[in-house]
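So the structure is just underneath, and the comments pick up after that.
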């Protein structure tokens, strides 16, 4: 039972003296005491409260008890429930609860709320907190001080930032590494949320991830979240957290690690830029090789580029993955590279070729293969090029491969190569036209050409209205 006396009728000096005496009594008490008004705001505390929790007075005074970072979610709910009962004038029995100290400790305390009355009305509540010697630290076993010290030393010397959030996603512990990582001292972070340190556009994504984990009581891992350093710079943190619960399985909060990945991210971006430069260089080399081949034979100028355009269109019509379309694009630009080793007078000879000249022409897939196989492409470009004149019935060259022995990319190039060659003018004959070329593909789609590739080619022209771009 709380004993409250109304001193309102005492004289000013006497009342002040009495108030000073009461303050002295409260400040010498070993139990933590706090006065809460009817609105739930803390209006007075004694020194024991400050010593118990380790927070400064300004961290507690003037704040609502249900948002104080010293109370985990479960404790805050219990206090709120009992506070409503106390406001009716009831004297409630004490209960055991947790208090989050500023050091990161979770202390077991006994809490009692009693009504605070003035002028015959309940004006608020008196909260008394008494340590029950059941304190347990954030990450340690309380049975051994030596063990506790070792774990604390580990937490405070590791390069990663260790943290704890309560059920309201408020920091209740943050290791000293926060200063070197984000420029804040631990006391500046405690009582705030992770969302307070990220740009606005990232806060929403972070909120969804954490809230989804909380709703299902699951661990989470968030890669490369931009955080704002105190000096305004962006620091990328990799964050992972795991839930911890009370004995009844109720969620109390999350504990986890922030890892600074800013330098790693910068290194990854540099690697990506280097890869892009290399890809650009390789692309330039491929284009240069293709142009060199075409410069030797003005009749076939643009042939490789047109074959490349049609082959890629057929591949897309067949719904091949983007990477395989890229493979076909490169192979299409290089498929006649072996003609570099065929005498120019044969390439540009008007009229019919004799057997020797034709055999030299037929050697270009093998010649291209021998050179290009030494280049470490990320794809089997040389194999595709050596097969692009093979036919499904084994009548092609140079190896007379059949059916599935021929790669899909080479089968696509074979069809594109035939259509382009028949459509456009050659030194030894005039252009036969697109209609003739498509009739050839349709007529021999199971004997010479892969039927699926042939159908895709016909669809590309007849349904998709394919047109060669200017080359």
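Here are a few things to note about the model shown:
- Residues of segment 217-274 that are under 30 Å from residue 96 (Cβ atoms) and without any contact (Cβ under 8 Å) to a residue 12 or more places away in the chain: 244, 247, 248, 249.
- Residue in segment 13-36 that is farther than 21 Å from residue 172 by Cβ, modelled with pLDDT of 80 or more and loosely packed, with under 13 Cβ neighbours inside 10 Å present: no
- Test: residue in segment 381-401 that is closer than 25 Å to residue 447 by Cβ, out of contact with any helix residue (DSSP H, G or I) (no Cβ under 9 Å at 6 or more places or on another chain), without any contact (Cβ under 8 Å) to a residue 24 or more places away in the chain and assigned by TED's automatic domain parsing to the domain that holds residue 430: yes
- Residue check for residue 417: free of Cβ contacts under 8 Å to residues at least 12 places away in the same chain and assigned to a helix (DSSP H, G or I): no
- Entirely in segment 280-368, the helices (runs of 4 or more DSSP H) that have 3 or more residues that are in contact (Cβ under 8 Å) with a residue 24 or more places away in the chain and surrounded by 14 or more Cβ atoms within 10 Å (Cβ to Cβ): 303-317, 322-334
- Condition check for residue 118: surrounded by fewer than 16 Cβ atoms within 10 Å (Cβ to Cβ) and at pLDDT 80 or above: no
- Flag not set for residue 405, criterion: exposed (fewer than 15 other Cβ atoms within 10 Å of the Cβ) and either outside the structural domain of residue 333 (by TED's automatic domain parsing) or at pLDDT below 95 (or both).
- Where a residue in segment 86-103 is assigned by TED's automatic domain parsing to the domain that holds residue 51 and over 30 Å from residue 163 (Cβ atoms) and its partner, wherever it lies, is modelled with pLDDT of 80 or more and in a loop (DSSP other than H, G, I, E, B), with Cβ under 8 Å and at least six apart: 87/38
The values are calculated or read from the model by the stated rules, or taken from the named source; none is laboratory data. Quick caveat, the model's predicted, so the values are computed rather than measured. Here the Cβ is made from the backbone with ideal geometry for all residues, glycine too, and neighbour counts use every protein chain on show.
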